[in-house]
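Contents: one structure, followed by commentary.
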Amino acid sequence: MMSPSVSPVMPDYDSARATFNWQQARARLAGLPGGGVNIGYEAIDRHLLEGIGEHVALRCISREGTTTTLTFAQLADLSSRFANTLDALDVARGESVFTLLGRCPELYATVLGTLRAGRVLCPLFTAFGPEPVRLRMDLGEARVLVTTRALYDKKVAPVRARLPDLRQVLITDPGDGPLPVGTSSLPELMAAAPCDFTVAATDTADLALLHFTSGTTGSPKGAMHNHGAVLAHQVTAAYALDLREGDVFWCTADPGWVTGMSYGIIGPLTLGVTTVVDAGDFEPRRWFTVLARERVTVWYTAPTALRMLMRSTPGGDAVTPREEYDLSALRFVASVGEPLNPEAVRWGEEALGLPVHDTWWQTETGAIMIAGFAADPVRPGSMGRPLPGVEAAVLECGNDDRATVTNGHVRIAEAPGARGELALRVGWPSMFCGYLHDRRRYEACFADGWYLTGDLVTRDADGWYWFVGRSDDVIKSAGHLIGPFEVESALMEHPAVAEAGVIGRPDAVAGAVVKAFVSLRAEYTAGEELRRELLAFARKRLGSAVAPREIEFEPDLPRTRSGKVMRRLLRARELGLPAGDLSSLQTSGNASDRSGESEDRR
């Protein structure tokens, strides 16, 4: 419930939808002095010109709990030094700068400096292991990497020789000893760089961001976003998260994912909002302390985190936030990353005095597309309604749970409660502009003027959407998308593994955990020791966020006649569900005819 003294940014949904259009909203951006748009300029430079350079942009909390602040003017200084550093290193316009950093001031200097300089930014998740890091940097043709010494030693050094495009590695914390061979000290380079920088002339169509997301087959997909996406970042941060200047905002998403970029950095900064940045790990009392001490007004987190808070009992006593912490500044709470269960909504009302509002979007959409808004009562379990300027629909599906496309056309499921694939009418500013080096995969995402999301939903008679599930095998675990193919490929690098199939097993806290079914080569014997060895092998290769939590030995994995492991059947067996259509199941022998094997549409 909102404070009576603060009205919602969008007080009336129907009126906002009726009057909104993206062309008029474009006037909310400052725009570059010579024309064009630049994300970094909207996040930093415009505030200096508007006289709020001394406003606090970031409140950075160290692992030890101390808070330091950075104003918009200080961020301008730091990001200018980084942009000038890129020039000094001869990093060309359009080349990629990767980050492998946690929540620290250097991350923000790197992100904003890269964008202001017209280079392409690609954030990586620090919990990735060496192989996922290498794969994404190789696909993205990484020219520069900014990371810490510890992360470089653990995640990058083992695979550096397999990254031929990587020219510069900039270490944020060089320390006193000699740096690893092939790296440079970022503090030294920035200290020598000028603190003034003229933002590069970029236009709405110029590439700005590269976010990797997982698919069911093949390599991770590099979703590309341009500078024009900043309009959607700003508008949706205001409408969906109810943000406005003067707020203190905390987005708990990791900066290695799209949420941590769109709403942990870009959206709130473009609105002049003060953003809380916590370098510490999840711990219930720490989180409640941050909310109380920093006087957070708007909080954006994940259902997994909320469920962990619900279950937390530090010291044997259940946490009762409103009794132990002053949360009176908090007026709006929203979640992202996975379906929000009704229990979490009700917990918010009891523990925080506020319901939790859901939001839905994807890496490909770049910004929130569907949400529960501040002015609306929450309908527990619903994703909400489309943002102004976003047109959504439920499309009729075939047996594969994908939208049926006939002669290039789709059919909308008009009846309330009908189940189908969620689709978005193309044209919103943050819509991804391609998959890196994969035009065919990109084009397969669209039909008849709609973007096909791959999510199954229903829509009620009032226009509220309700999530049903994914139409593919991508696993959502603790808000992260995990591609089963990537996990299967890593497992099969172990000499004992002949074949692997990976699914998501439902979990009360994480939503799903990765479970692998493994068939062994003839010379190996299944057992607990080998299971532990495979789990450790996968964790070392993939990192804790991606590696399987469970492994089950399965001598005869179900396969299609073309030889593809049927994850659907593995999932049905695991959950005790009907097996469904088995017409494509391989019944005997090895597949000799693989002509029917097709690439995943996504």
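Has the range 375-398 got any residue that is under 25 Å from Thr213 (Cα atoms) and of a type in the set (Asp, Glu)? Within the range 375-398 (the criterion being under 25 Å from Thr213 (Cα atoms) and of a type in the set (Asp, Glu)), the answer is yes, since at least one residue qualifies. Identification of strands (runs of 3 or more DSSP E) wholly contained in the range 469-530 with 3 or more residues that are in contact with an Asp or Glu (Cβ under 8 Å, 6 or more places away or on another chain) yields 497-507, 511-520. The condition of being surrounded by 23 or more Cβ atoms within 10 Å (Cβ to Cβ), touching a residue at least 40 places away in the same chain (Cβ under 8 Å) and closer than 30 Å to Arg331 by Cα holds for only one of Leu241, Leu209, that being Leu241.
Every residue, every condition in (1) surrounded by fewer than 19 Cβ atoms within 10 Å (Cβ to Cβ); (2) more than 22 Å from Ser382 (Cα to Cα); (3) of a type outside the set (A, V, I, L, M), yes or no:
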position	(1), (2), (3)
Ala423	no, no, no
Val426	yes, yes, no
Cys433	yes, yes, yes
Asp438	yes, yes, yes
Phe446	yes, yes, yes
Gly454	no, no, yes
Val468	yes, no, no
Asp473	no, yes, yes
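When Asp460 is tested against (1) acidic (Asp, Glu); (2) over 29 Å from Gly381 (Cα atoms); (3) modelled with pLDDT of 95 or more, only condition (2) is not met. Among residues of the range 247-272 that are more than 12 Å from Trp299 (Cβ to Cβ), those with a Cβ under 7 angstrom from a residue that is modelled with pLDDT of 95 or more and of a type in the set (Asp, Glu), sequence gap 6+ or separate chain, pair up as Thr270/Glu42. Of the candidates Thr110, Thr71, the single residue that is buried (at least 24 other Cβ atoms within 10 Å of the Cβ) and either under 22 Å from Asp278 (Cβ atoms) or within 25 Å of the chain's Cα centre (by Cα) (or both) is Thr110. Only residues that are surrounded by fewer than 20 Cβ atoms within 10 Å (Cβ to Cβ) and among the small types (Gly, Ala, Ser) were counted in the range 487-505, giving 3. Within the range 27-42, residues that are under 12 Å from Leu231 (Cβ atoms) have Cβ atoms under 6 Å from residues that are of a type in the set (S, T, N, Q) and surrounded by fewer than 19 Cβ atoms within 10 Å (Cβ to Cβ) in these pairs: Val37/Thr204, counting only partners at least 6 apart in sequence or on another chain.
Matching residues to (1) within 27 Å of Ala512 (Cα to Cα); (2) of a type outside the set (Lys, Arg); (3) surrounded by fewer than 23 Cβ atoms within 10 Å (Cβ to Cβ):
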residue: Val258; (1), (2), (3): yes, yes, no
residue: Ile266; (1), (2), (3): no, yes, no
residue: Thr270; (1), (2), (3): no, yes, no
residue: Ala279; (1), (2), (3): yes, yes, yes
residue: Pro284; (1), (2), (3): yes, yes, yes
residue: Pro303; (1), (2), (3): yes, yes, no
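Which of the residues spanning the range 472-496 are modelled with pLDDT of 90 or more, closer than 24 Å to Val133 by Cβ and hydrophobic (A, V, I, L, M, F, W, C)? The answer is Leu491, and nothing else.
If we scan the range 155-169, do we find a residue that is surrounded by fewer than 17 Cβ atoms within 10 Å (Cβ to Cβ), under 22 Å from Lys221 (Cβ atoms) and charged (D, E, K, R)? Yes, the conditions are met somewhere in the range 155-169.
Only one entry of Gly140, Gly129, Gly51, Gly118 meets the criterion of being modelled with pLDDT under 95, assigned by TED's automatic domain parsing to the domain that holds Ile265 and surrounded by fewer than 24 Cβ atoms within 10 Å (Cβ to Cβ), and that entry is Gly129. Could you check, for the range 186-204, whether at least one of its residues is over 21 Å from the mean Cα position of the chain (by Cα), assigned by TED's automatic domain parsing to the domain that holds Thr99, on the phi > 0 side of the Ramachandran plot and assigned to a loop (DSSP other than H, G, I, E, B)? Looking for residues that are over 21 Å from the mean Cα position of the chain (by Cα), assigned by TED's automatic domain parsing to the domain that holds Thr99, on the phi > 0 side of the Ramachandran plot and assigned to a loop (DSSP other than H, G, I, E, B), one finds none in the range 186-204, hence no.
The single condition among (1) in a helix (DSSP H, G or I); (2) touching a Gly at 6+ places or on another chain (Cβ under 7 Å); (3) surrounded by 22 or more Cβ atoms within 10 Å (Cβ to Cβ) that Arg322 does not satisfy is (3). If you go through the range 23-45 and keep only what is part of a helix (DSSP H, G or I) and surrounded by fewer than 19 Cβ atoms within 10 Å (Cβ to Cβ), you end up with Gln23, Gln24, Ala25, Arg26, Ala27, Arg28.
Return yes or no: is Glu350 within 24 Å of Asp326 (Cα to Cα), not in a strand (DSSP E or B) and not small (Gly, Ala, Ser)? Yes. Before we move on, is Ala374 over 27 Å from Gly504 (Cβ atoms), in contact with a strand residue (DSSP E or B) (Cβ under 8 Å, 6 or more places away or on another chain) and either surrounded by 21 or more Cβ atoms within 10 Å (Cβ to Cβ) or assigned by TED's automatic domain parsing to the domain that holds Asp448 (or both)? Criteria met by Ala374.
When residues in the range 389-447 are screened for being in a loop (DSSP other than H, G, I, E, B) and not β-branched (Val, Ile, Thr), 30 of them pass. Cβ separations smaller than 7 Å between residues 6+ apart or across chains give no pair from the range 529-550 residues that are outside the structural domain of Gly483 (by TED's automatic domain parsing) to residues that are aliphatic (A, V, I, L, M) and outside any helix (DSSP H, G or I).
Evaluate the range 513-526: report whether one residue or more is outside the structural domain of Met310 (by TED's automatic domain parsing), modelled with pLDDT under 90, of a type in the set (Lys, Arg) and within 16 Å of Glu486 (Cα to Cα). Scanning the range 513-526 turns up no residue that is outside the structural domain of Met310 (by TED's automatic domain parsing), modelled with pLDDT under 90, of a type in the set (Lys, Arg) and within 16 Å of Glu486 (Cα to Cα).
The values are calculated or read from the model by the stated rules, or taken from the named source; none is laboratory data. Please read these numbers as outputs of a predicted model, since none were measured by experiment. Glycine also receives a Cβ, built like all others from the backbone with ideal geometry; neighbour counts cover every protein chain displayed.
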